[in-house]
Amino acid sequence: MLKKIKEIIKDRKTLLGAGPMSKNCVHSAINVSNKYNVPIFLIASRRQIDSEFFGGGYVNNWNTKEFAKFVKKNDKKKNIIISRDHGGPWQNNIEIEKKISWKTALNFAKKSFESDIDNDFKVIHIDTSIDIENKISKKIALDRFFELFEHCVYYSSKKKKKIYFEIGTEEQSGSTNTPSELEDTLIKVSKFCFRNKIDLPLFVVIQAGTKVLEMKNIGSFESPLRIENELPVEIQLPTMIEICNKFGIFMKEHNGDYLTNESLRWHPKLGIHAVNVAPEFGVCETKSLISILRQHNLKKELDSFLEISFSSKKWKKWMIKDTKASDLDKSIISGHYIFGKNEFIFLKEKIESFLFKKNIDLDKYLQFQIELSIIRYLRCFKIIN
């Protein structure tokens, strides 16, 4: 795996991390990877997929073991890199809702990571940016990272599993890091690894001027205006990448969703090593479902779907302050969250039955639309022609 990743990056191509927003999104990523024989990271957050101990996640109600088993069964070319995205304390809803203590959150994070390692996740993102009681300093976030990092290394060694790591200790702001911040972090990480005889992390998450809210990227990456006291992205990022290269750690950008083709094509030109994209693929599936319901005049079913989605309130976290988004927009944003709910499953069975009579396989139609969205990124990133 590592050899292939290094070869792609050496060729000035950008790797894609795709969010498993639904079972169809997982299928689509695997289908594209198999068809083009290219690697794709499947980046599962703890809200999407978690261990059985935590009740699994909202994606197809899978737990970690079930998700990994499904991927491995369908990944014929063995190019899918099963990855944990935003693993760490308070990174699932249960822990936040119950307001558990730091000690319990730490132990739960370790338990979740152990399940990842047991089930052949290859890349683990340790994210210690969240604290439900206080806004924590970078020093505390880094100290917490080191504790979890060391635990995962020890556990994976005991289980004889080779695991690669991603460090990300701050929330995405939509702006960019400063070179001094990045260098300071990587110096401390390098010293820790040297002192403890641990391999360096594979990736470091860099604030690259990307941030997703609603159905758009509101970060500075595409901003036509200069941000006060901030160097333009095209000047700042090459410096950051140069620092990463100096330490032998690859740069990962999060929140690459909804960028234009022109912006995406700049990623390999700038030397950005890898990018995570997630909500856009879920929204693509939801929009495609709405489109086919409209095409076949299934108004009752469409209204039911939109109501289920809107009532879930899963759109709330994605809203821009003083938003002008319509109720339809909100339903589209939260659509993929409810695909695993029983009330939608029953509704979908009715839709599938109707479309089957017209020789339409609903899941294959939805997967094809998601695949087109994934392929857009792979083409712009020069992974495929």
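Residue by residue, the stretch 306-315 carries 3J(HN,Hα) couplings of 4, 5, 4, 5, 4, 5, 5, 6, 5, 6 Hz when phi is fed to the Karplus relation 6.51 cos²θ - 1.76 cosθ + 1.60 (θ = phi - 60°); x denotes Gly or Pro. Per-residue 3J(HN,Hα) values for the stretch 199-206, derived from phi via the Karplus relation 6.51 cos²θ - 1.76 cosθ + 1.60 with θ = phi - 60°, read 5, 4, x, 6, 10, 10, 7, 10 Hz in sequence order (x marks Gly and Pro). In the elastic network of the chain, a GNM with C-alpha springs shorter than 10 Å, the most mobile of T14, T178, T64 is T178. About the centre of its Cα atoms, the stretch 228-319 shows a dipole size close to 400 debye [charges on the beta carbon of Lys, Arg (+1) and Asp, Glu (-1) only; nearest 20 debye].
What longest range of the chain stays clear of loop-exposed GluC sites (Glu not before Pro) (DSSP non-H/G/I/E/B, at most 11 other C-beta within 10 angstrom)? Maximal segment without exposed cleavage sites: 229-385. In order along the stretch 147-152, the Karplus-derived 3J(HN,Hα) couplings, from 6.51 cos²θ - 1.76 cosθ + 1.60 at θ = phi - 60°, round to 5, 6, 4, 4, 4, 5 Hz, and Gly and Pro are given as x.
Over the chain, what percent of the accessible surface lies on carbon and sulfur atoms, probe 1.4 Å? Spell out each step's value before the answer.
Numbers: 9370 of 18240 Å².
C and S fraction of accessible area: 51 percent.
In this structure, the residue pairs whose Cα-Cα separation is over 29 Å, taken from K76/K188; K4/K35; K65/K324; K135/K382, are K76/K188; K65/K324; K135/K382.
With charges only on Cβ, +1 for K and R and -1 for D and E, what is the dipole size of the stretch 1-108 about its Cα centre, in debye, rounded to 20? Present the calculation step by step, with values, prior to reporting the outcome.
On the way: 21 positive and 9 negative charges, 106 e Å.
Here the stretch 1-108 has a charge dipole of around 500 debye.
Springs join every pair of Cα atoms under 10 Å in this Gaussian network model of the chain, and among K252, K110, K350 the largest mean-square fluctuation is at K350.
To the nearest 10 degrees, how steeply does helix 342-356 sit against the main Cα axis of the chain, on a 0 to 90 scale? Approximately 60 degrees, to the nearest ten. A cut-off of 5 Å between modelled amide H atoms, ignoring neighbours fewer than 5 places along the same chain, links K252 with V204, V205, I206. The H on the amide N of I124, modeled in the peptide plane, is under 5 Å from the matching H of R84, Y164, F165, E166, each at least 5 residues off or on a different chain. Nearest 10 degrees is fine. How inclined is helix 362-380 to the longest principal axis of the chain, computing both from alpha carbons? Taking Cα atoms only, the helix is inclined about 40 degrees.
Computing FRET efficiency as 1/(1 + (r/R0)^6) for E66 and S180, where r is the C-beta to C-beta distance and R0 is 41 Å, gives about 0.40.
Suppose every Lys and Arg Cβ carries +1 and every Asp and Glu Cβ carries -1, with no other charges. What dipole size does the chain come out with about its Cα centre, to the nearest 20 debye? Each step should come with its number before you reach the end.
Details: 64 positive and 49 negative charges, 249 e Å.
Here the size comes out at about 1200 debye.
Between the stretch 323-356 and the stretch 27-56, what is the C-alpha centre distance in whole Å? Between the Cα centres of the stretch 323-356 and the stretch 27-56 lies a distance of 21 Å. Label separation (D199 vs K161): 1.4 nm, computed from points 7 Å beyond Cα along the C-beta direction.
For the set K300, K382, the ranking by accessible area, highest first and with no ligand, DNA or RNA atoms included, is K300, K382 under a 1.4 Å probe.
May I ask you to derive the FRET efficiency for K99 and K313 from their Cβ-Cβ distance with R0 = 22 Å, giving the value to the nearest 0.05? Before the final figure, lay out each step's value.
Numbers: r = 20 Å, r/R0 = 0.89.
FRET efficiency, K99 to K313: 0.65.
With springs only between Cα atoms under 10 Å, which of S156, S373, S137 fluctuates most in a Gaussian network model of the chain? Fluctuation is largest for S137. With the convex hull drawn over the C-alpha atoms of the stretch 237-385, the volume per residue is 150 Å³.
The values are calculated or read from the model by the stated rules, or taken from the named source; none is laboratory data. Treat the numbers as computed from the prediction; the structure is a model and nothing was measured. Heads up, the Cβs are rebuilt from the backbone with ideal geometry, glycines too, and the neighbour counts pull from every protein chain shown. Accessible surface areas use protein heavy atoms only, side chains included; no ligands, DNA or RNA. Shrake-Rupley method; radii C 1.70, N 1.55, O 1.52, S 1.80 Å.
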